[in-house]
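**Student:** Just passing along the structure, written as structure tokens.
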Amino acid sequence: MNIAYLIPGVGLTEEEKIRRSHILAKIGGGNPKVDLFEVNEGPTAIETAEDELAAVGPVVKLGKAKQAEFDALIIGCFGDVGINALRQEVAIPVIGPARVTYSIAAAVFPSFSILSLNSSFIEEEWEITQRLGIAAQVKDILAVDLPVNTIIDEPERALKHIMSLVEQSDDLAVVPGCMSMAFLLEEKNISQIGKCRVVNPLRCAIRAAMAVTV
């Protein structure tokens, strides 16, 4: 089984792409094999609604180019950038980390909280959970308000900030609403913060891809 992980931005260094590839390989354990690909045009990172819009075309183009080689595609952005457009263009499963992770968190826990990358995405997070019919289970949405580059380049500072936010929550589970956060928590082997179980979208997306492929 082969899965393509599609990054919708162009700002990652080669070192960072290698780091993320190693983390994906560790989760997949060799079966599935998860390969990382980056678009060759578009925003450097997905930090605004405008970035999301600009990334749709490049993600669809990349997904179409990779579909013949892979059994499933994972959108490498928690905003599930371009997922509806891509699903119309390919014949293989397309996994959106937000949709999958929210659904799993709602299925397993009576309530959960969300770590939004920044305040501007909070409304979008609510809208997604409303469409999924699970908004009533979302206890809180906390804005991390850190740039993606800070999460990547200053991991200890970012981790301290994330943990400080979550430790204030008395909820049972938390969903990191950003794949850079997800990679950081996975690399640090953090599955629980305070009372909160971390429902990591990296693991959820890969497991979902495994469930619908052969």
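**Student:** Can you name every residue in the stretch 158-187 that is aliphatic (A, V, I, L, M), within 13 Å of the chain's Cα centre (by Cα) and assigned to a helix (DSSP H, G or I)?
**Tutor:** Within the stretch 158-187, Met179, Met181, Ala182, Leu184, Leu185 qualify.
**Student:** Considering only residues that are part of a strand (DSSP E or B) and either free of Cβ contacts under 8 Å to residues at least 24 places away in the same chain or surrounded by fewer than 17 Cβ atoms within 10 Å (Cβ to Cβ) (or both), which ones fall in the stretch 139-153?
**Tutor:** Asp140
**Student:** Which condition number in (1) over 17 Å from Pro93 (Cα atoms); (2) out of contact with any Gly (no Cβ under 7 Å at 6 or more places or on another chain) is the one that Phe37 fails?
**Tutor:** For Phe37, the failing item is (1).
**Student:** Being closer than 17 Å to Ala173 by Cα and loosely packed, with under 12 Cβ neighbours inside 10 Å is the filter here, so list the residues in the stretch 104-138 that pass it.
**Tutor:** Ala107, Pro110, Ala136 - these are the residues of the stretch 104-138 that are closer than 17 Å to Ala173 by Cα and loosely packed, with under 12 Cβ neighbours inside 10 Å.
**Student:** Could you please give the count of residues in the stretch 164-197 that are in contact with a strand residue (DSSP E or B) (Cβ under 6 Å, 6 or more places away or on another chain) and closer than 16 Å to Ala107 by Cα?
**Tutor:** Selection size over the stretch 164-197: 6.
**Student:** Also, I was wondering about something else. So Met210 fits all but one of (1) at pLDDT 95 or above; (2) assigned to a helix (DSSP H, G or I); (3) not aromatic (Phe, Trp, Tyr); what number is the exception?
**Tutor:** (1)
**Student:** Which residues, taken from the stretch 188-207, are buried (at least 16 other Cβ atoms within 10 Å of the Cβ) and part of a helix (DSSP H, G or I)?
**Tutor:** To start, the set of residues in the stretch 188-207 that are buried (at least 16 other Cβ atoms within 10 Å of the Cβ) comprises 190, 193, 196-206.
Once the filter is applied, which keeps residues that are buried (at least 16 other Cβ atoms within 10 Å of the Cβ) and part of a helix (DSSP H, G or I), the stretch 188-207 yields Pro201, Leu202, Arg203, Cys204, Ala205, Ile206.
**Student:** Mind checking which pairs have a first residue in the stretch 22-47 that is assigned to a helix (DSSP H, G or I) and a second that is hydroxyl-bearing (Ser, Thr, Tyr), Cβ under 7 Å, 6 or more apart or different chains?
**Tutor:** The qualifying pairs are Leu24/Tyr5.
**Student:** In the stretch 58-110, what count of residues is obtained for those that are assigned to a loop (DSSP other than H, G, I, E, B) and in contact with a Cys (Cβ under 6 Å, 6 or more places away or on another chain)?
**Tutor:** Within the stretch 58-110, residues that are assigned to a loop (DSSP other than H, G, I, E, B) and in contact with a Cys (Cβ under 6 Å, 6 or more places away or on another chain) number 1.
**Student:** Another question, if that's okay. Based on this model, can you work out whether Ser113 counts as part of a helix (DSSP H, G or I), under 18 Å from the mean Cα position of the chain (by Cα) and of a type in the set (Ser, Thr, Tyr)?
**Tutor:** Spelling it out, it is not the case that Ser113 is part of a helix (DSSP H, G or I), under 18 Å from the mean Cα position of the chain (by Cα) and of a type in the set (Ser, Thr, Tyr).
**Student:** Residues of the stretch 179-214 being farther than 16 Å from Leu36 by Cα and among the hydroxyl-bearing types (Ser, Thr, Tyr), which ones?
**Tutor:** Ser191, Thr213
**Student:** Something else now. Determine, yes or no, whether Ile18 is in contact (Cβ under 8 Å) with a residue 60 or more places away in the chain, in the same structural domain as Ala65 (by TED's automatic domain parsing) and not charged (D, E, K, R).
**Tutor:** Criteria not met by Ile18.
The values are calculated or read from the model by the stated rules, or taken from the named source; none is laboratory data. Bear in mind the structure is a predicted one, so any value in this text is a computation, not a measurement. Neighbour counts run over all protein chains shown; Cβ positions are idealised from the backbone, glycine included.
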